[in-house]
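These notes are about the structure you will find just below.
Coordinate-derived values only; no laboratory data. All of these numbers come straight from a predicted model, not from anything done at the bench. Cβ placement follows ideal geometry from the backbone for every residue including glycine, while neighbour counts extend to all protein chains displayed.
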Amino acid sequence: MTHMPLSLKTLPNRRDEAWKWSDVSRAVSNDVQGADTSAPVQIFVPEGVTVTRTDAAATAANDTSLVKLASQYAGQVWNIVVPDGFSSENPIQIEGLTNGHAQISLSLGKGASVQLVEHYDGQAGAFVNSHLNVKLAEDALLDRVIVQTDPDDCVRISTTHVTAWAKSELRQHTLAFGGKLSRLETRMAGMGEGVKATINGAYLLDGARHCDMTSYIDLACPDGHIRQSVKGVTADKSRGVFQGKFHVRRPAQHTDARMRHDCIMLSDTSEIRSKPELEIYADDVVCEHGNTIGALDESALFYMRQRGIPLAQARAMLTEAFLASVFDTLEDEVMRESLLEKLRAWLEATV
Amino acid sequence: MLKINNLHVAVDDGQKPILTGLSLEVPKGEVHAIMGPNGAGKSTLSYVLTGRDGYDVTDGTVTLDGKDLLDMEPEERAAAGVFLSFQYPLEIPGVPTMTFLKTALNAQRKARGEEEMKAPEFLKKARALAKELKMKPEMLKRPLNVGFSGGEKKRMEIFQMMMLEPNFIVMDETDSGLDVDALRIVADGVNKLRSPDRGMLIITHYQRLLDYIVPDRVHVLAKGGIAASGDAEFAKKLENEGYDAYAA
């Protein structure tokens, strides 16, 4: 494998339609830490799940340039295999990913069920680019939680491809605080009947942080059931980006797919960019998208203050109430409470 | 004692005068009613007393027990004991009623330098009052006012009032949206709060509420100030004769 220096020309920029609001090439300089190195990766698995390392697989022509870069610089691929029928109280945890490139593959066997917890906490000033390739066999269930707490000068690209076979399910909940630039992208292909997915996320941004939540759900078979709710709050001069697309192919009849993106701007210098898309070729489906951007309700704030709740606390309570609903579908109560704690801590410090 | 002296209030960035020299005193222990035609500034008065944005006080003073209310933030006025029962109570999605009220109560106590009320004591008090107001217990678990009927929202206002035990109460059109049974329950709640230490200002368009909460004084708000005053009987006279005599 040839190790070419990372070329800024290779990185997507605002002239690429899919990256027009997240200009990676502008955010990354040639000498950034992690530009051409493999990332440290720590993977903790419950008993019965195996982790091996193999040489990188060839990339496909239609992979994004960042996936290609990950393949080029990550070195070997980490392979996590969850056997058929597996279930455990304990999660798979992915840590590390503090700088550099990584490639991870996760395969769930038939009827397997597991929780995956990823914590993204990069080094100051680093560039992190990880690619996770997930395969869900029939009836498999992946309960994925992503917590991103990068420093404000860290650039992070996390791209996930999910291939979902019949009656498999992805439940994904993301709590993200952005970075210099962060893009958390989920691309899912529904390759069997009755695929289910919940793809929820919340982003909370202050300072000059940037967070991009992009998703592309491609359904090729009947009876898919997709629920997506992304919520954001932006303070100061931060920037939130949401791009969501449901692509419903002709055989994907009786698809029931709903997408929402709702956000609150806490400052008039922050920015929110949103592009919800539906592309539908099947004629017997229920698909919808909704998008709202607003401010906290002044009347509700006055009402709360009239009852004695100080302004900052009233703002925090209303914002928390607004955001918290994206985690209602997270069944792990302990995990949900820990996410809400992080959310509250941010609100207390920022709002 | 609430003392309003020569109050001038304008809206629309000070362009549109609403109150033009209103003076009123409500001594402790008394219940005063403010009646008047639509658009006279009744709701404006309730918002100015509680500190809502968008109402410019261009002249005059308002004090409660000697403290300058106009100088305080809305939450400071609440901690000083001012409570407004809203004409249209707000829905607060995602915030359970009990969480909201406990936060409010303890924020007020903290502002006054008092000890916070502990959860068991709070729950016991809330349950007893809910029973008294014939409120369904599940209402307390739901997000505040979300999905409540008009009558339920008004009952919730009274519930909050009884929980917070303010020392000056402003009720803005509390009777609107209430049927007779609910009106009686609400009035019973308010009458229980009558005390030598507490003043009340009841803002209403109709005299009906005053059959249940009998006021000590009745004032007509018209042309930007108090146009006439009288006793409880005066309200009945107003109901019969209308406000034409006081209109601009």
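Sequence gap at least 6, Cα distance under 8 Å: using those rules, report the relative contact order of chain B to the nearest whole percent.
Contact order relative to length: 28 percent.
Taking the convex hull of the alpha carbon atoms in region A:288-337, what volume per residue do you get, in Å³?
Cα-based convex hull of region A:288-337, divided per residue, equals 110 Å³.
Antiparallel DSSP bridges in chain A: what percent, to the nearest 5?
For chain A, the DSSP antiparallel bridge percentage is about 10.
May I ask for the distance between the Cα centers of region B:63-130 and region A:176-243, given as a whole number of Å?
38
As a footprinting exposure proxy, order A:292, A:37 by other Cβ within 10 Å, with the fewest listed first.
Ordered by Cβ neighbours within 10 Å, fewest first: A:292, A:37.
Given axes a ≥ b ≥ c from the Cα gyration tensor, I'd like to know whether region A:223-327 is rounded (a/c under 1.5), prolate (a/b larger than b/c) or oblate.
prolate
In whole Hz, what ³J(HN,Hα) sequence does region A:109-125 give by Karplus (6.51, -1.76, 1.60; θ = phi - 60°), x for Gly and Pro?
The phi angles translate into x, 3, x, 6, 9, 8, 9, 10, 10, 10, 10, 9, 9, x, 7, 4, x Hz.
Sort largest first and round to whole Å: the equivalent ellipsoid semi-axes of the protein assembly as shown, each the square root of five times a Cα gyration tensor eigenvalue.
Three semi-axes, in Å: 59, 25, 21.
What list of ³J(HN,Hα) values in whole Hz, one per residue of region A:250-257 in order, does the Karplus curve 6.51 cos²θ - 1.76 cosθ + 1.60 (θ = phi - 60°) give from phi, with Gly and Pro shown as x?
Running phi through 6.51 cos²θ - 1.76 cosθ + 1.60 with θ = phi - 60° gives 3, x, 7, 5, 6, 5, 10, 10 Hz.
So, in Å, what gap is there between the alpha-carbon centers of region A:27-48 and region B:163-223?
When both Cα centres are located, 66 Å separates them.
Are any of the pairs B:102/B:131; A:20/A:68; A:135/A:231; A:342/B:67; B:131/B:236; B:28/B:125 more than 29 Å apart by Cα-Cα distance, and if so, which?
Cα-Cα > 29 Å for A:342/B:67; B:131/B:236; rest within.
Inverting the mean 1/r over all pairs of different Cα atoms, compute the Kirkwood radius of chain A and quote it in Å.
The answer is 20.7 Å.
How crowded by other chains is B:68-75, given as the mean number of beta carbons from other chains within 10 Å of each beta carbon?
3
Step by step: find N for chain B, compute 2.2 N^0.38 Å, then divide the Cα radius of gyration by it. What's the final number?
1.00
Using Cα centres only, tell me the gap between region A:65-143 and region A:253-292 in whole Å.
Measuring centre to centre over Cα atoms gives 27 Å.
Could you check what % of the DSSP bridge pairs in the protein assembly as shown are antiparallel, to the nearest 5?
Of those bridges, close to 20 percent are antiparallel.
From the convex hull of the Cα coordinates of region B:1-69, what is the mean projected area in square nanometres?
Reported value for the Cα convex hull: 4.5 nm².
List every residue whose amide H lies under 5 Å from the amide H of residue A:140, counting only residues 5 or more places away in sequence or on a different chain, with H placed 1.01 Å from N in the peptide plane.
Amide H neighbours of residue A:140, under 5 Å, 5+ apart: A:111, A:112, A:168, A:169.
Quick one: net charge around residue A:45, please, counting Lys, Arg +1 and Asp, Glu -1 for every other residue with C-beta under 15 Å from its C-beta.
So the environment of residue A:45 carries a net charge of -3.
If you take the Cα atoms of region B:163-234, find Rg, then find the Kirkwood Rh from the mean of 1/r over all pairs, what is Rg/Rh?
Using Cα coordinates only, the ratio equals 0.96.
5 Å is the cut-off here: which amide hydrogens, built 1.01 Å from N in the peptide plane, fall below it relative to residue A:273, excluding neighbours closer than 5 in sequence?
Sorted by chain and number, the residues that satisfy this are A:240, A:241, A:242.
Collect residues whose amide H, placed 1.01 Å from N in the peptide plane, falls under 5 Å from the amide H of residue A:120; neighbours closer than 5 in sequence don't count.
Counting only residues 5 or more places away or on other chains, the set is A:147, A:148, A:149.
Apply the Karplus curve 6.51 cos²θ - 1.76 cosθ + 1.60, θ = phi - 60°, to the phi angles in region B:56-62 and return the couplings in whole Hz, x for Gly and Pro.
After applying 6.51 cos²θ - 1.76 cosθ + 1.60, I find 8, 8, 9, 6, x, 9, 9 Hz.
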